[in-house]
Amino acid sequence: MQDLLPELCDLYPTQVKLLEPVFQIYGAKKLFHGQVETAKCWQDNSRVKELLASPGEGRVLVVDGGGSTQRALMGDLIADSAYIQGWAGVVIFGAVRDVAAINTMELGVRALAACPMKTERKGLGETAGSVSFAGQTIQPGMYLYADENGILVSDQALQLPEGFA
């Protein structure tokens with residue numbers, strides 16, 4: 001495994017923004033990147049499920065769950081759907097569950113914590129708006145880069161150093 005984020009910070013120090021290091025690493029894919037799509041929800045994963053059931057085309061879903069760790073916004077079934085649909089990863093300012101299963105999937109996942117409680121789906125939440133957490137405001141269309149060093153966002157796609165896909 002190579003370290004992408006230190007390279008990007010060296011190459012693009014004024015273009016990258018660092019998210020505060022509050023996230024746990026889940027999923028078998030430790031390094032991932034892609035264009036951002038967003039969702040905002042509070043203890044209801046209806047919008048997360050809908051988005052991750054649609055073609056991901058290498059994108060990263062960034063979810064503002066309000067920092068709640070009382071209900072999991074993604075479990076193994078939704079994560080599997082994300083993988084099958086071609087999403088590169090999911091970053092959740094909230095909780096996930098079924099982590100043993102998620103950890104076997106080739107999907108990048110970052111979340112605050114694990115929680116075994118599922119949500120009630122009431123069809124609540126928003127998509128395609130800006131979200132703010134971990135010291136940054138993230139908008140759809142931005143680019144996110146994650147590895148074991150943390151998470152960066154950029155307004156534009158960055159040219160990856162040689163050897164990184």
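Using unit Cβ charges (K, R positive; D, E negative) and no other charged atoms, how large, in debye to the nearest 20, is the dipole of the chain about its Cα centre?
600 debye
For Lys118, the aspartates and glutamates whose Cα comes closer than 13 Å to its Cα, not counting residues fewer than 8 places off in the same chain, are Asp44, Asp76, Asp98.
Sequence-distant contacts, meaning Cα pairs under 8 Å at least 6 residues apart, place the relative contact order of the chain at 34 percent.
Using only alpha-carbon positions, what ratio does the radius of gyration of the chain give when scaled by 2.2 N^0.38 Å? List each step's numbers first, then the result.
Details: Rg = 14.5 Å, N = 165, 2.2 N^0.38 = 15.3 Å.
Compactness ratio reported: 0.95.
Calculated on the Cα set of the range 32-102, radius of gyration then Dmax: 10.9, 30 Å. What whole-number distance in Å separates the alpha-carbon centres of the range 111-154 and the range 18-34? Result: 11 Å between the Cα centres.
What value, in deg cm²/dmol to 500, does the helix sum -39500 (n - 2.57) over DSSP H runs of n ≥ 4 give at 222 nm once divided by the residues of the chain?
Numbers: 4 runs with 28 residues, N = 165.
Using -39500 (n - 2.57) per qualifying helix, the result is -4000 deg cm²/dmol.
Read-outs: derived from the displayed coordinates by stated rules, not from any lab. Please read all numbers here as calculations on a predicted model, not as lab measurements. Positions of Cβ are backbone-derived with ideal geometry, glycine not excepted, and every protein chain shown enters the neighbour counts.
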